[in-house]
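Structure record follows, encoded as structure tokens.
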Amino acid sequence: MSEQRIQADQLMQRARQSLAATEKALDTAIKSLREHTLVDGRVSASKLDDYQLVSYDTALSAAEATGARFALDYAERVRNQEGGDADRPITLEERCALLFTAEAIESIRARLELRPQDYGLSRTELAETLDSESLQLFCAEQLAVTQMAELGKSIAGMDGNTGAYLLDDDHEMMRDTFRRFANDVVMPLAEDIHREDRIIPEEILQGLTELGCFGLSIPERFGGLQADDQEDNMGMIVVTEELSRGSLGAAGSLITRPEILTRALLKGGTEAQKQKWLPRLAEADPLCAVAVTEPNYGSDVAGMRCKATRIEGGWLIDGAKTWCTFGGKAGVLLLLARTDPDLSKGHKGLSMFLVEKPSSEGHEFKHQQESGGVITGNAISTIGYRGMHSYDVFFDNYFVPEENLLGGPDGEGRGFYFTMAGFAGGRIQTAARAVGLMQAAFERAVSYADERQVFGNSINKYQLTQVKLARLAAYLLASRQFTYSVGRLMDQGEGEMEASMVKFFTCKTAEWVTREAQQIHGGMGYAEEMPVSRYFLDARVLSIFEGVEEILALKVIARALIDRAGETEA
Ligand SMILES: Cc1cc2nc3c(=O)[nH]c(=O)nc-3n(C[C@H](O)[C@H](O)[C@H](O)COP(=O)(O)OP(=O)(O)OC[C@H]3O[C@@H](n4cnc5c(N)ncnc54)[C@H](O)[C@@H]3O)c2cc1C
């Protein structure tokens, strides 16, 4: 084994030891949270509310630690990959993974040490974990200015590349195909769509339909591209990432809706509903949208009010939905409505419908049925995420036939569960959207830092820019590999909590990455004509939809961590 290999291995080992010490402190914090919130052996929602800040910070810290672990695993796989030279000096991937690990540890340390008593951490425990000499030495070495600036110099000459993707041949081919589509078709149209607030044009929709994009999550037996017996989350991730690199609003989010509908149909649809809808969704005929959020109920799904009243042959829908993205262009809406007027039934009174309507391109639409029922929609003006328009939608005695109640008569009252099943893939997909957006911003940052001359030098010759590029690369690499690793877990039927973690982490990170990329552009970063100004605006939505970050942290991740701690205790 070469001397260089030994050095790299030792560094990676120190990173793992430091991370393990950090995770030990986190375990104590989670156990303490469990003790405070458990009532009769179950987590009490109201008790958990008394610990919101601790829960939020614990969830974020656990997400960062998980991301670091996946980044180190990945760097090791790169070194040992077939055909590679395992004896080579420290690789770019290892340097990025080490830097990310040190940064993650330091931010976890900052959070826990700010109020150790609230995490149940004693001084002795801190001394053995986050304050241990070996952990601090590891972080100090990795975060030394010269070390980071050196990494930044290497990154500056790499055209936005942060190392191997480590995909198999099939997924590499998918990546290549959709990257070309994003470069050739999406990117030239993206700025106009954003600035003029246009609907996504046929060039993009038709091209993606021909590439099979809308059938990616639909099993082959229903006319899609997914194998019947095996989920391919990786395929969906790679395609979403590349399209989001082209534009989040104009391409990267197009698969989200058919994916949600498909999962809901596969979970709850009758055989006839699957046979009818899935092949059509795979062909984008019709396009679809999701109408769950209401003006007064977003995070609090169980309280929803939009109602469906049974009449002969079907149901009448009355009420309002909001933020229904692509609701105009869509020919079918997945609607969550209250079929049991008894509000005390909460989420058990909700059912799911497939609501058909004519497709429309404008910022407003209205359709009156022969029976007199009306559906209207008005697009909400947004700062970014343009291309699909998100609508306020109103239903007035709008008739939906019996056959469009998801799951048939057995589906009544089960809409909440079908919604949850539908959204299960949305989190990992949104992580992939965040990664694609970050990649786009990073590429622009790297090239502008090279082109722009200030005080007689390219800005990438200055230390501060080099450090920025190093950190951006490390966070981007970690976000991508975190997403891929969770995708692989999901392909094996695992990774539910990790999917929430990676959504939470990557979406937050995308805000910072796009902000830094914009900052590197100076004044030009604020000009509408520069794509980087759009990236920053688009990034803001990621932490809001598909599970608003606070609810993900408090009600999903923190709860799951507490439950998991209970399982290891038992
Ligand atoms: C561009 C865009 C597109 C969208 N597309 C769709 C779509 O296609 N279909 C659809 O159905 N919806 C869509 N949404 C809606 C989105 O899913 C919701 O906005 C989201 O679920 C949050 O709900 P809300 O807006 O009602 O926020 P609220 O629930 O009102 O939350 C407001 C704030 O309070 C926080 N909060 C809420 N509860 C708690 C609590 N218990 N403790 C502490 N903090 C809390 C939240 O985290 C948030 O920060 C879209 C939203 C946007 C912005």
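Read-outs: derived from the displayed coordinates by stated rules, not from any lab. If you're wondering where the values come from, they're calculated on a predicted model, not measured in any experiment. Counting neighbours? That spans all protein chains shown, and the Cβs are built from the backbone with ideal geometry, glycine included.
The table below lists the values:
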{"item": "Neighbour-count ranking [beta-carbon atoms within 10 angstrom, fewest first] of Thr124, Thr483, Thr325", "result": "Thr124, Thr325, Thr483"}
{"item": "Zone residues, the stretch 233-250, relative to Asp184, backbone N less than 11 Å from point 7 Å out along Cα-to-Cβ", "result": "none"}
{"item": "Length-normalised contact order for the stretch 1-87 - Cα pairs under 8 Å, 6+ apart - percent", "result": "39 percent"}
{"item": "Rounded tilt (10° steps) of 256-268 against the dominant C-alpha axis of the chain", "result": "70 degrees"}
{"item": "The stretch 435-484 - percent relative contact order, Cα under 8 Å, separation 6 or more", "result": "37 percent"}
{"item": "Rh by Kirkwood over Cα pairs, then Stokes-Einstein D for the stretch 499-543 at 1.567 mPa s and 4 °C, µm²/s", "result": "121 µm²/s"}
{"item": "For q = 0.14, 0.20 Å⁻¹, Debye-computed log10 I/I(0) when each Cα of the stretch 177-290 counts as one equal scatterer", "result": "-0.54, -1.02"}
{"item": "Between helix 52-80 and the chain: long-axis angle, C-alpha atoms, 0 to 90°, nearest 10", "result": "70 degrees"}
{"item": "Relative contact order of the chain, pairs being alpha-carbon contacts under 8 Å that are 6 or more residues apart, as %", "result": "18 percent"}
{"item": "Within straight-line cross-link reach of Lys321, lysines at Cα separation under 21 Å, skipping those fewer than 8 residues along the same chain", "result": "Lys307, Lys329, Lys345, Lys348, Lys357, Lys366"}
{"item": "Residue-averaged 222 nm ellipticity for the chain, from DSSP H runs of 4+ at -39500 (n - 2.57), nearest 500", "result": "-17500 deg cm²/dmol"}
{"item": "Inverse of mean 1/r across different Cα pairs in the stretch 439-478, Kirkwood, Å", "result": "10.3 Å"}
{"item": "Order of Tyr535, Tyr385 - criterion: other Cβ atoms within 10 Å of each residue's Cβ, fewest first", "result": "Tyr385, Tyr535"}
{"item": "For the stretch 286-298, Karplus couplings with θ = phi - 60° (6.51, -1.76, 1.60), whole Hz, Gly/Pro x", "result": "x, 6, 10, 8, 10, 10, 10, 4, 10, x, 9, 9, x"}
{"item": "Size of charge dipole - the stretch 357-468 - debye, nearest 20, with Cβ of Lys, Arg +1 and Asp, Glu -1, no other charges", "result": "880 debye"}
{"item": "Rounded to whole Hz, the Karplus (6.51, -1.76, 1.60) HN-Hα couplings of the stretch 431-447, x for glycine and proline", "result": "4, 5, 5, 4, 5, x, 5, 4, 4, 4, 5, 5, 4, 5, 5, 5, 6"}
{"item": "About the Cα centre, charge dipole magnitude for the stretch 228-360 (Lys/Arg +1, Asp/Glu -1 at Cβ), debye", "result": "520 debye"}
{"item": "Rg to Rh quotient for the stretch 447-570, alpha carbon positions, Kirkwood Rh", "result": "1.11"}
{"item": "Electrostatic dipole magnitude of the chain [Cβ: Lys, Arg +1; Asp, Glu -1; Cα centre; debye, to 20]", "result": "980 debye"}
{"item": "Binned Cα-Cα distances of the chain, short to long, each 20 Å bin given as a whole percent", "result": "20, 52, 25, 2, 0"}
{"item": "Value in Å of the Kirkwood radius, where the stretch 278-353 supplies the Cα pairs that are averaged", "result": "13.2 Å"}
{"item": "Convex hull volume per residue for the stretch 1-137, taking Cα atoms only, in Å³", "result": "115 Å³"}
{"item": "Angle in degrees between helix 92-114 and the longest Cα principal axis of the chain, rounded to the nearest 10", "result": "80 degrees"}
{"item": "Among 4-17, 259-272, the order from most to least packed when residues are scored by Cβ within 10 Å on average", "result": "259-272, 4-17"}
{"item": "Theoretical gain in end-to-end length, Asn296 to His367 [0.36 nm per residue, Cα-Cα removed]", "result": "23.1 nm"}
{"item": "Set of lysines near Lys461 by C-alpha distance (under 23 Å), chain-local residues within fewer than 8 positions excluded", "result": "Lys153"}
{"item": "Rounded to whole Hz, the Karplus (6.51, -1.76, 1.60) HN-Hα couplings of the stretch 507-520, x for glycine and proline", "result": "5, 5, 5, 4, 5, 5, 4, 5, 5, 5, 4, 5, 4, 4"}
{"item": "Residues Phe70, Phe222, sorted so that the one with the fewest Cβ neighbours within 10 Å comes first", "result": "Phe222, Phe70"}
